[in-house]
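Everything on this sheet refers to the single structure shown next.
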Amino acid sequence: MSVIVEAFGLVFQPNVLLVILGSACFGMFVGAIPGLTATMATALLVPITFFMDPVPAIGAIVTATAMAIFAGDIPGALLRMPGTPASAAYVEDAYRMTRSGRSEESLGAALVFSAIGGIFGTIVLVTASPALAEVALKFSSFEYFWLVVLGLSCAVFVSPGSVTRGIISLLIGLFAATIGIDNPAGEPRYTFGNVELLAGVQFIPAMIGLFAVSEVLRSVVSRSERPPVPPSSGDGIFRSQWTNLKRYPVQVLRGSVLGTAIGALPGAGADIAAWISYAVSKRFSKQPQKFGTGHVEGLVEAGASNNGAVSGAWIPALVFGIPGDSITAIVIGVLYIKGLNPGPTIFINDPQLIYAVFIVFFLANIIMLPLGWVAIKSAGTILAVPERVLMPIILMFCIVGSFAINNSIFGVILMLIFGVLGFLMDENDIPIAPAILGLVLGPMLEQNFITSMIKADGSFLAFFERPIAAGLGLFTIAIWCLPLIAMMIARRKRTAPGPNAPD
Amino acid sequence: MYKRTLMSIAAALIGTTLFGMSAASAQSYPDRPIQMIVPWGAGGGTDAVGRVFASLLQEELGVPVNVVNRTGGSGVVGHSALANAAPDGYTIGVMTIEIDMMHWQGLTELTHEDFDILAMVNADPGGLMVSADSEYESLDTLLEAIKAEPKGTFKSSGTGQGGIWHLGLAGWLLSEGLEPDHVTWVPSQGAAPGITDMVAGGVDIVPSSLAEGRSMIDAGRVRPLATMSGERQEAFPDVPTLNEATGSDWTLAVWRTLVGPDGMPDDVKATLTAAIEKAYNSEEYQTFMNDRGFGMRWASGEEATEIVAADDASLGEVMTKAGLAK
């Protein structure tokens, strides 16, 4: 008990609280700008944390990333330019809600359910870390292969429009992912002797291009200003969320649980979590036809899921020093510098420090609510800015973000190429989101497939020999077959009455 | 007309830069911020070493030292950017052992000769680790089993195909009189995923540095069997050397060096090397490296260049024998 009192003492000090507040604003700002991401926010904070005590140092990172992940939903909802691949899962719904004058409701839902997902993930982190980390350690390439396939299948099945168009988009993303040398064989592919292309297509410039630049292009080409967005009804940001919570309690819980569990796996993160949750939500929804048209249900579930995953990623990071995503990879480095060596002993050697970090997690998710409210209110005003002013500014931020990812002009070139590609895809009604997931998960898909085949000496059966892999594999195949079976049943129903009909 | 204006602006810019440079070296180096290129991602070991040195050099030299991560392409992108920078001392960076491998693989023309090596600041010997569930308690029983079973029975992981630990394994197998691919290499995105996969039962051996497996060794999940160094490591006094365990003479350590592009002026090199040596001996650096379990290694100028050149030859030999060189 005294440990917890001590932990509270470490957190509730003026300078620590000030650092948390400062990094919250910083994270909110970085996340809300299309082109700047949560990972970048963390990387920018690292040199500053060198000069801090352990608790404010870790606190700054925890707070900034939680804010940035939520804030990534803001440009997604207002401009259809998701800030992170995790937000891309439900960007269509959030944007359609904005167009019909419900921007505050959609962003409010993103905010409240992000906070709920984050708090749920933190509770799991506090209470069940060692046990969950044990399960996560049972995942090898066979299990990850199926998980990635599951994530990709979900992206295709939930994409608005036909499944064929979803697959086309996915294949474009998967192709882009094959470029470069970071593949299992270490062979340069499609690089044409270019040194920069050896690094492959980095997904941040590609994502900025596909979503943001294509949107800018569209506004240039269409010439006419878009019809003004009806002003958001005075319902407020928080009021409608109580109704949403009462209407979708199962969805909130399911999203939080699934998100935290997927986040805890070292090889899977918030991106897969959001897509799988969105697909689960659609699958079990009473109104699946409404998904993608401005329906809040999927947003609630997937929003809770991706923030749950952010907390979940800390589980293997703290218990075994294994990064759950790109953010915790950076965090582990900071933990070592601060003498908080990750491992089971972290709970024994420095319990007051770890509990202080947990308290910061709760604090971060709680101050997210008022700060998010301010951010939504102020961000809403950009809808009133004429497009001819707004779009050049967005383009500028896009260029800065693409350049900053590697301090190289090559990022900007990539961004422009993918901007044109995204524009062409959108003109032909090919959804963009599956391409992004293909690009993010493509390398994982290949890596896990090839390494599994090497381990199994080329036997496909090995994908079903381990219990968890077999379960995931059968589940994935069942999802593929489900539409076929449904079609067959529908056909039999239609034809069956024919011969048996009374007359 | 437009073109001419552009040309004259460019000429003016180049003129001022050149003038600024000559003025700078005549006056006192450094008089503006220094860029430190790290060819690997933020949060990794090389990044941490780069950042610690950046903050220490900043104090020592009195100008900001900014870390820039130029990642990707197995380190080729960052090393190229560093080698192609102006050799004026305002762009320095961390060069890693991959520079001795990438040109053998035919990925680039770059070699260590394209850099001025200031100092070697760290070296981590490779190791041999198995899962704690493994039936092998010592390296000689593992080696016996590897020799007894047919080729490909045992699997190993810890870097990409042709990566440094792949060569570490191949070099060890060669030194034991085995084929370099007698143990199948399973490529991974680095030591951490390799170790995770080993604990999950996916592979049998990870030949990465023991420092990279430290948290899992402390957690009782990973059993270290040997270190690929000449002497036992301070941080792991109970782990025998390869020579003690099986009589093999194979050693391999990954190192990190601070370098600049080839052709830096001598006075700049002297200033930088002195500042780096001071930073190396500082308490902050020593404590940081010990806390992370990283090995200390100091060699400056000529000596460091000799080590790098020797590794270049020995890695080239292993890569040729293992069929990884182009």
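The values are calculated or read from the model by the stated rules, or taken from the named source; none is laboratory data. Note that the coordinates shown come from a computational prediction; the quantities given were computed from them, not determined experimentally. Neighbour counts are summed over all protein chains in view; Cβ atoms, including those assigned to glycine, are modelled from backbone coordinates with ideal geometry.
Give me the residue from region A:141-166 that is modelled with pLDDT of 85 or more and more than 20 Å from the chain's Cα centre (by Cα) and, out of that set, nearest to the other protein chains (Cβ to nearest Cβ).
Among them, the one singled out is A:Ser141.
Which members of region B:170-199 meet the condition of being on the phi > 0 side of the Ramachandran plot and crowded, with 18+ Cβ neighbours inside 10 Å?
Matches in region B:170-199: B:Gly190 only.
Taking the residues in region B:77-104 that are in contact with a Lys or Arg (Cβ under 9 Å, 6 or more places away or on another chain) and under 14 Å from B:Lys269 (Cα atoms) as candidates, determine which candidate is farthest from the other protein chains (Cβ to nearest Cβ).
Here the residue is B:Gly89.
Among helices (runs of 4 or more DSSP H) lying entirely in region B:45-120, which contain 2 or more residues that are out of contact with any helix residue (DSSP H, G or I) (no Cβ under 9 Å at 6 or more places or on another chain) and under 30 Å from A:Gly339 (Cβ atoms)?
Fully inside region B:45-120 and qualifying: B:45-61.
Can you give me the ranges of the helices (runs of 4 or more DSSP H) entirely in region B:123-233 with at least 1 residues that are farther than 30 Å from B:Ile99 by Cβ?
Helices (runs of 4 or more DSSP H) meeting the threshold: B:139-148, B:191-199, B:214-218.
Take residues that are touching a Leu at 6+ places or on another chain (Cβ under 6 Å), on the phi < 0 side of the Ramachandran plot and not charged (D, E, K, R) and tell me which of the helices (runs of 4 or more DSSP H) falling wholly in region A:337-453 contain 3 or more.
It comes to A:351-380, A:409-427.
Since A:Gly161 meets every condition but one in (1) crowded, with 24+ Cβ neighbours inside 10 Å; (2) not in a helix (DSSP H, G or I), which condition does it not meet?
Among (1) crowded, with 24+ Cβ neighbours inside 10 Å; (2) not in a helix (DSSP H, G or I), the lone unmet condition for A:Gly161 is (1).
For region A:330-353, enumerate the residues that are at the interface with chain B (Cβ under 7 Å from one of its Cβ atoms) and free of Cβ contacts under 8 Å to residues at least 12 places away in the same chain.
Once the filter is applied, which keeps residues that are at the interface with chain B (Cβ under 7 Å from one of its Cβ atoms) and free of Cβ contacts under 8 Å to residues at least 12 places away in the same chain, region A:330-353 yields A:Tyr336, A:Thr345.
Read through the list (1) at pLDDT 85 or above; (2) over 30 Å from B:Val206 (Cβ atoms); (3) surrounded by 11 or more Cβ atoms within 10 Å (Cβ to Cβ), then give the number of the only condition that A:Ala478 fails.
(3)
Would you confirm, using the coordinates I've provided, whether A:Ile417 is within 21 Å of the chain's Cα centre (by Cα) and in contact (Cβ under 8 Å) with a residue 40 or more places away in the chain?
Considered against the rule, which asks whether it is within 21 Å of the chain's Cα centre (by Cα) and in contact (Cβ under 8 Å) with a residue 40 or more places away in the chain, A:Ile417 comes out as no.
Would you confirm whether or not region B:253-265 contains a residue that is of a type in the set (Lys, Arg) and closer than 21 Å to B:Asp311 by Cα?
yes
Can you find, within region A:421-474, the residue that is nearest to A:Ile181 (Cα to Cα) among those that are within 11 Å of another protein chain (Cβ to nearest Cβ) and polar (S, T, N, Q)?
Taking the candidates together, the pick is A:Gln447.
Within region B:54-76, count every residue that is within 12 Å of chain A (Cβ to nearest Cβ), under 20 Å from B:Ala279 (Cβ atoms) and of a type in the set (A, V, I, L, M, F, W, C).
The number of residues fulfilling the criteria is 5.
Before we move on, is B:Gly152 surrounded by fewer than 17 Cβ atoms within 10 Å (Cβ to Cβ), of a type outside the set (Lys, Arg) and touching a strand residue (DSSP E or B) at 6+ places or on another chain (Cβ under 7 Å)?
Judged against the criteria, B:Gly152 is a match.
Out of all the residues in region A:34-63, which are more than 14 Å from every other protein chain (Cβ to nearest Cβ) and crowded, with 22+ Cβ neighbours inside 10 Å?
Once the filter is applied, which keeps residues that are more than 14 Å from every other protein chain (Cβ to nearest Cβ) and crowded, with 22+ Cβ neighbours inside 10 Å, region A:34-63 yields A:Pro34, A:Gly35, A:Leu36, A:Val55, A:Pro56, A:Gly59, A:Ala60, A:Val62, A:Thr63.
Name the single residue that is farthest from the other protein chains (Cβ to nearest Cβ) among those in region B:160-196 being more than 23 Å from the chain's Cα centre (by Cα) and under 25 Å from A:Phe139 (Cα atoms).
B:Val183
Check whether at least one residue in region A:265-285 is surrounded by fewer than 24 Cβ atoms within 10 Å (Cβ to Cβ), polar (S, T, N, Q) and assigned to a helix (DSSP H, G or I), and report yes or no.
no
From the set of residues in region A:167-197 that are of a type in the set (Ser, Thr, Tyr) and not in a helix (DSSP H, G or I), which is farthest from the other protein chains (Cβ to nearest Cβ)?
A:Thr178
For the list (1) at pLDDT 95 or above; (2) in contact with an Asp or Glu (Cβ under 7 Å, 6 or more places away or on another chain); (3) not polar (S, T, N, Q), I need the number of the one condition that B:Phe294 fails.
(1)
Pull out all pairs, ordered by first then second residue, where Cβ-Cβ is under 7 Å, the residues are six or more apart or on different chains, the first lies in region A:123-146 and is among the aliphatic types (A, V, I, L, M), and the second is surrounded by fewer than 24 Cβ atoms within 10 Å (Cβ to Cβ) and not in a helix (DSSP H, G or I).
A:Leu137/B:Ala200
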